[in-house]
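Data block below; observations after.
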Amino acid sequence: MAQNFRQELIGVFGYPVDENPTVVIQDAAFAAKGLFWHYLTLLVKPEDLGDAMRSIRALNLKGMNLTIPHKVACIPFLDEVDKSAKLIGAVNTVKNDNGKLIGYNTDGQGFTWALRIEGVELKDATITLLGAGGAARSIAVETALAGAKKMYIINRNEERGQTLTDLISDNTDCKTEYIKWEGEAAIPGDIDILVNATSVGLYPDTNVPNIDMSCITNELVVCDGVHNPPETPFLKEAKRLGAAKAISGQGMLVYQGAIGFEIWTGVDAPVEVMMDALKEAFANE
Ligand code: NDP
């Protein structure tokens, strides 16, 4: 029987990209499922994105992840964009389906998966979302589509905050309200879930979002999108104040990767293997 020495290739285009840990998660998953696949971490400058996107077809890559600053800029190079990625306005996962490039956004679905694993109900939930950037957009769209009934969006930049608020109220059944973030933000009292979707607390930043922490009670679920460090100062503080749950951005990262793995391979993702691989990679941080 002829042997196959050709690996199937997947990867990520980013700039910067050195600290993106996805290779650890995906390669562990390929190995666990006995797939002769490999994940490449590729530094692609903005001016080279077109060539890089065309290389997906030319090199017969199975697909690609896109990270900062390519999630929006990659869209003109795609043949099709999935419905929720279109709503989010950004793509983080591309599948090369026999030469047809299809874009998805798995970030927000990774977040809702992390909440499901923790037993947190999104149907009819009231959420406060801190931030209105890329991560916030994906979390807002997917939590609204999952049945959240009310969402407060708190952001410093008014235009970004209002645009996201309008996007959710115009396209989903979730009622939304924009609150401008000035100084120490007061958090509405009637919420079930508080999400930090800003970059505050992302390594090496050790700050916590500037909010009135008295909102944190033993009935509030507190989540962070930041995955490095795995337990941010914000989550540490939420735990100290007795939050019902403090959910790390590591889950969002692993599960968005698990959805990508399933899109590319058609095989169920070995999520525990993927989570263990990520935890091991950060064990000595
Ligand atoms: P963006 O640059 O698109 O957005 C950043 C957001 O953070 C904006 O809303 C910005 O507010 C806000 N912000 C930044 N600094 C402050 C501050 N000091 N106080 C208040 N708000 C602030 O970034 P992304 O949305 O792409 O990423 C945000 C975070 O999410 C990053 O830490 C990233 O690592 C994480 N992330 C995690 C993922 C995961 O899988 N776990 C996936 C994707 C992202 P303003 O608009 O006012 O400037």
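The values are calculated or read from the model by the stated rules, or taken from the named source; none is laboratory data. Predicted model only: the values in this text are computed from it and were never measured. For neighbour counting, all protein chains shown are included, and Cβ atoms are generated from backbone atoms with ideal geometry for every residue, glycine included. Ligands, DNA and RNA are stripped out before the accessible areas are found, and what is left, the full protein with its side chains, is counted by its heavy atoms. Shrake-Rupley method; radii C 1.70, N 1.55, O 1.52, S 1.80 Å.
When the helix-only estimate is applied to the chain (DSSP H runs of n ≥ 4, each -39,500 (n - 2.57), divided by the residue count), what is the mean residue ellipticity at 222 nm, nearest 500 deg cm²/dmol?
So the calculated ellipticity at 222 nm is -10500 deg cm²/dmol.
Please name which of Phe5, Ala52, Ala114 has its Cα lying farthest along the dipole of region 1-124 towards the positive end, using unit charges on Cβ (Lys, Arg +1; Asp, Glu -1) and the Cα centre as origin.
After comparing all options, I get Phe5.
Can you tell me the FRET efficiency between Glu80 and Asn210 if r is taken as the Cβ-Cβ distance and R0 is 41 Å, rounded to the nearest 0.05?
Approximately 0.50, to the nearest 0.05.
Any idea of the accessible area per residue across the chain, 1.4 Å probe, to the nearest Å²?
Counting only protein heavy atoms, the per-residue value for the chain is 48 Å².
I want to check the label-to-label distance for Leu42 and Arg116. Put each point 7 Å from Cα in the C-beta direction and report it in nm to one decimal.
Calculated label separation equals 3.0 nm.
Checking the cross-link filter: which lysines have an alpha carbon closer than 30 Å to that of Lys33, excluding same-chain neighbours under 8 positions apart?
Lys62, Lys71, Lys83, Lys95, Lys100, Lys279
Can you give the Rg to Rh ratio of the chain, both from alpha-carbon atoms, with Rh computed by the Kirkwood formula?
For the chain, the value is 0.98.
Out of region 127-191, which GluC sites (Glu not before Pro) are coil in DSSP terms and have no more than 14 other C-beta atoms within 10 Å?
Glu182, Glu184
Which shape class, rounded, prolate or oblate, goes with region 108-247 when its Cα gyration tensor gives a ≥ b ≥ c as root eigenvalues, a/c under 1.5 marks rounded, and past that a/b bigger than b/c marks prolate?
Note, shape of region 108-247 comes out rounded.
Mind ranking Thr93, Thr67, Thr217 by accessible surface for me, highest first, 1.4 Å probe?
So, going from the largest accessible area down, we get Thr217, Thr67, Thr93.
Only bridges with both residues in the chain count here: give the DSSP antiparallel percent, nearest 5.
20 percent
Out of the DSSP beta bridges found with both residues in region 22-173, what percent are antiparallel (nearest 5)?
The antiparallel fraction comes to roughly 55 percent.
Can you list which of the chymotrypsin sites (Phe, Trp or Tyr not before Pro) found in region 58-158 are DSSP loop residues with at most 10 other C-beta atoms within 10 Å?
none
Would you work out the charge dipole size for region 128-262 about its Cα centre, treating the Cβ of every Lys and Arg as +1 and the Cβ of every Asp and Glu as -1, and quote it to the nearest 20 debye?
It comes to approximately 220 debye.
With θ set to phi - 60°, apply the Karplus curve 6.51 cos²θ - 1.76 cosθ + 1.60 along region 87-103 and write out the HN-Hα couplings as whole Hz, x wherever there is a Gly or Pro.
5, 5, x, 8, 10, 10, 9, 10, 10, 8, 9, 6, x, 9, 9, 10, x
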